[in-house]
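We did not get these values from a lab; they are worked out from the coordinates using the rules stated. These figures come from a predicted structure and were not determined experimentally. Glycine gets a Cβ as well: all are built from the backbone with ideal geometry, and neighbour counts include every protein chain shown.
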Amino acid sequence: MNRVENKVAVISGGASGLGKAAARLLAAQGAAVVIADLNEAAGHDVVAEIAGQGGRAEFIRLDVTQEQDWVQAYEGVLARHQHVDVAVHAAGIFIAQSFPSETDYELWRKVMSVNVDGVFLGTKHAVAAMQRCATPAGSIINLASIMGLVAMPGRAAYAASKGAVRLYTKSVALSCAERQLPIRANAICPGFIHTEMLDSAARTLFDSYEEGVAHYSNLQPVGRLGTPEDIARAILYLASDESGFMTGSDLVIDGGYTAR
Ligand SMILES: NC(=O)c1ccc[n+]([C@@H]2O[C@H](COP(=O)([O-])OP(=O)(O)OC[C@H]3O[C@@H](n4cnc5c(N)ncnc54)[C@H](O)[C@@H]3O)[C@@H](O)[C@H]2O)c1
């Protein structure tokens, strides 16, 4: 219990899926969580749920692609809490694409903007905010994907965006270490996890939703999809001081998908 007591954690994409599960678990383990998301209704619902269980949570409406939103978000967080210790960047989008010569540039840019620019801007302003704290320290946790390690057809922008997140995160980790700044940065590479993102792909890319979910489930050697909680537990570990020697790493959690 209380593995992240007294820490303040900003979670982009905290209104749904992996970000929501992380918000619930970090709050249950003693953190004050700031849910930063475009989806106001869902974000407020998560805050109410956490508060109802005695946890500390607040919502900030933020578009991860807008730098000014990040500036304002961290001004507010520092004014209210005086410190920030954890930044989880879980906002992301998936758009399936077709053959390279038929790929739409606007869709490519949209995926890159949210998945790469959003992580860059969030990390930039999280590090800046952590540097302003009385005791500058922190943990940056960026959601990449196994699609940043191995690819699939029709996933060009998504795979490229997640590969970029992995290497960007390593560079951030090394830059902080070079300055002897105790800010760690790690990426998590989840496999296929049952969230709204996967449900949406199952609904749109298959003849039926059930067929889509069965297809994705069968991709794992362990024969099931991951749950958001499977990933939230890794986020808790990276957020806590237990992972103090871990920086610049990829944590792969995929039911054995990439072991073959
Ligand atoms: N679900 C999976 O199988 C899976 C696998 C590997 C990696 N991931 C990655 O994990 C992260 C979370 O995925 P998820 O499955 O929880 O997705 P999700 O769709 O359930 O949740 C994503 C959240 O991001 C928010 N968001 C989207 N664009 C935003 C923007 N511009 N500004 C602010 N918020 C925005 C959405 O409102 C939503 O609340 C993503 O980066 C995703 O690529 C997911």
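Things to note:
- Under a model in which nothing but the beta-carbon of Lys, Arg (+1) and Asp, Glu (-1) is charged, region 57-167 shows a dipole of about 260 debye around its Cα centre.
- For the chain, a simple Cβ point-charge model (Lys and Arg +1, Asp and Glu -1, everything else neutral) yields a dipole of about 700 debye relative to the Cα centre.
- For the chain, the 222 nm mean residue ellipticity estimated from helices alone, with every DSSP H stretch of n ≥ 4 adding -39500 (n - 2.57) and the total spread over all residues, rounds to -14500 deg cm²/dmol.
- Ranking of Met130, Met1, Met246, Met152 by count of other Cβ atoms within 10 Å, fewest first: Met1, Met152, Met246, Met130
- Coarse-grained scattering of region 1-129 at q = 0.15, 0.22 Å⁻¹, given as base-10 log I(q)/I(0) from a Debye sum over alpha-carbon atoms: -0.66, -1.24
- Kirkwood Rh, Cα atoms: Rg over Rh of the chain: 0.96
- 0 to 90° range, to nearest 10: angle between helix 17-28 axis and the chain longest Cα axis: 30
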